[in-house]
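The values are calculated or read from the model by the stated rules, or taken from the named source; none is laboratory data. Note that the structure is predicted; figures quoted are calculated from it, not measured. All Cβ positions, even for glycine, are placed from backbone atoms using ideal geometry, and neighbour counts span all protein chains on display.
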Amino acid sequence: TGEIKRFLRDDGMIKISRSLKEMATKARAEKEKLGVSLGREPTLDELAGALQVEPTELAAAMESGAEVESLYKTIYH
Amino acid sequence: MESKKKDRAGETVHLEFESHSHNEQFARVVSAVFAARLDPTVEEIEDIKTAVSEAVTNAIIHGYEKEIGVVHLDLTIEDKSLTIVVRDEGAGIANVKQAMEPLYTSKPSKERSGMGFSFMEAFMDEVTVESELGKGTEVRMVKRIGSIFPL
Amino acid sequence: MESKKKDRAGETVHLEFESHSHNEQFARVVSAVFAARLDPTVEEIEDIKTAVSEAVTNAIIHGYEKEIGVVHLDLTIEDKSLTIVVRDEGAGIANVKQAMEPLYTSKPSKERSGMGFSFMEAFMDEVTVESELGKGTEVRMVKRIGSIFPL
Ligand SMILES: Nc1ncnc2c1ncn2[C@@H]1O[C@H](COP(=O)(O)OP(=O)(O)O)[C@@H](O)[C@H]1O
Ligand SMILES: Nc1ncnc2c1ncn2[C@@H]1O[C@H](COP(=O)(O)OP(=O)(O)O)[C@@H](O)[C@H]1O
Ligand SMILES: [Mg+2]
Ligand SMILES: [Mg+2]
C-alpha cells in the first residue's frame, strides 16, 4: 500500500484542470509584478520566462480562469 | 491544404471542427497558442481570443443554427501580423453592411447583443466579411502584434 | 473533412500544419488542450504529449526530410478515449515492422535514438502504423483516459 500511496501523491495523479488553473493564477500575479517592474505590459515570453514554462503552454493555461471553470461545469456536468 | 506550395513569406495552420458550442473555447485556445509565436502581451492575446470567440460563435449560432456543420479556422503569421479566417458553409448573410452595424441582430435575445462584429472591429486591426446566402460566410481579421511598443 | 456526415458517436477536430520543427510543439499543446476535455491527470496529458511529439517529429524529420510538406493531425474523442492520427504525404516506410523495433533508426545520430515508436507504444494504449513508400505514413494511436482509477 505504501507503493500505491506514493503513486497517488505523485503530482502526475492530479487532474490537468487543477494544474492549469494553478498556472493561470500564478500567471495573473506575475503579470502584475512584472508590469510594475517593467513599467509596461509584459510580453508572453517575459511572463513565461518568469514562470519557467513554455509560452505556448502558458497561452493555453491562461484560459483557465474561474469563469471558464464554471462555464465548463454548466456544459459538462 | 493549398499552402503546400506556398510562398515563403507566411505560415498558415488550418483547423476544422464541428459547430458544437464547446468548440468556441477550443478555437480560442488554439488561436492563442499559435499567436504565442509573435510574443504578444496578455492584452493582445485577450483581444485575439475575443475576436475569435465572436466569429466562431456566429458561425455556430447563425451560420449553422440547428444543424451541425464544419467550421474552418485558418491562422497565418506573416512578419508581426496574425491573420485569422473563420469560415462556415452555412446560411450566409443577405446584407453584410447591415449585419455589421452595431446593435444589429437577427436574433434579439438576452445572449445576442448585436455587438459581435463591433467587438471584432474594436479588437482587431482589420475585419472584412464575405458572405453569400445559402453558401456561407468568411470573416477575415488581422491583428498586428507589438504595434504599441515596438521592440 | 469527411466528418461532415459522421456518426454521432465521437467528435473529431482536424488540424493541418507545415512540417517546420516548431510545429511539433504547437501540435503537442493543441492535442493536450483537446484531450483536457476528458478530464485527464497531468500524467495522462504528459503521455499524450510525448506520443504526439514523437509521431509529429517523425513526420517532419523522416517523412518530409528536407522539403516542407503538410502534416495532418486528427483528434477524436469517443466516450473516454482519445484517438490521435498523425499523417504525412512524405517518403513512407519500406519495412514498418523493422521501423517499429526498439533502437531501430535509419538516421543514427545523437538526436535519433530509434525509440520513437517504442515511446508511442509505451505511453498509448494502441499504436498502429500504415505506410507506403513514396506515398506517406499514418500513425494511429489510442489513449483511454481514467483507465487506472476509473471514476
Ligand atoms: N456566420 C454567420 N452566418 C450567418 N449570419 C451571420 C453570421 N455572422 C453574423 N451573422 C448575422 O449578422 C448579425 C450580427 O452579428 P453580430 O454582430 O455578431 O451580432 P449577434 O451575433 O449578437 O446577432 C447576426 O445577428 C446574424 O444575422
Ligand atoms: N513518418 C515517417 N516517414 C518515414 N519514415 C519514418 C516515419 N516515422 C518513422 N520512420 C522510420 O522509422 C524509424 C524509426 O522511428 P523512431 O522509432 O521514431 O526512431 P528515430 O526517429 O529515432 O529514428 C525512423 O528512423 C525512420 O526510418
Ligand atoms: Mg455574434
Ligand atoms: Mg522518431
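Here are the numbers:
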item: Members of region C:120-151 found to be within 16 Å of the chain's Cα centre (by Cα) and farther than 16 Å from C:Thr83 by Cα, listed by number; result: C:Ser131, C:Gly136, C:Thr137
item: Close pairs (9 angstrom Cβ cut-off, 6 or more residues apart or separate chains): in contact (Cβ under 8 Å) with a residue 24 or more places away in the chain and over 19 Å from C:Met141 (Cβ atoms) in region C:102-121, of a type in the set (D, E, K, R) and part of a loop (DSSP other than H, G, I, E, B) anywhere; result: C:Ser106/C:Arg112
item: Subset of region C:37-65 [facing chain A (nearest Cβ under 8 Å) and either surrounded by 22 or more Cβ atoms within 10 Å (Cβ to Cβ) or within 16 Å of ligand 4 (Cβ to nearest atom) (or both)]; result: C:Pro40, C:Thr41, C:Glu44, C:Ile45
item: Index of the failed condition, C:Gly69 passing every other in (1) loosely packed, with under 13 Cβ neighbours inside 10 Å; (2) more than 28 Å from C:Gly10 (Cα to Cα); (3) not aliphatic (A, V, I, L, M); result: (1)
item: Segments classed as strands (runs of 3 or more DSSP E), wholly inside region C:70-151, with at least 2 members that are within 9 Å of ligand 2 (Cβ to nearest atom); result: C:81-88, C:126-132, C:136-144
item: Filter result for the condition that a residue is within 13 Å of chain C (Cβ to nearest Cβ) and modelled with pLDDT of 60 or more, over A:Lys31, A:Lys15, A:Lys26; result: A:Lys15
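Okay, residues lined up against (1) touching a strand residue (DSSP E or B) at 6+ places or on another chain (Cβ under 6 Å); (2) within 14 Å of chain A (Cβ to nearest Cβ); (3) within 11 Å of ligand 3 (Cβ to nearest atom); (4) among the aromatic types (Phe, Trp, Tyr):
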| site | (1), (2), (3), (4) |
| --- | --- |
| B:Arg87 | yes, no, no, no |
| B:Ile93 | yes, no, no, no |
| B:Tyr104 | no, no, yes, yes |
| B:Met115 | no, no, yes, no |
| B:Phe119 | no, no, yes, yes |
| B:Phe123 | no, no, no, yes |
| B:Glu130 | yes, no, no, no |
| B:Gly146 | no, yes, no, no |
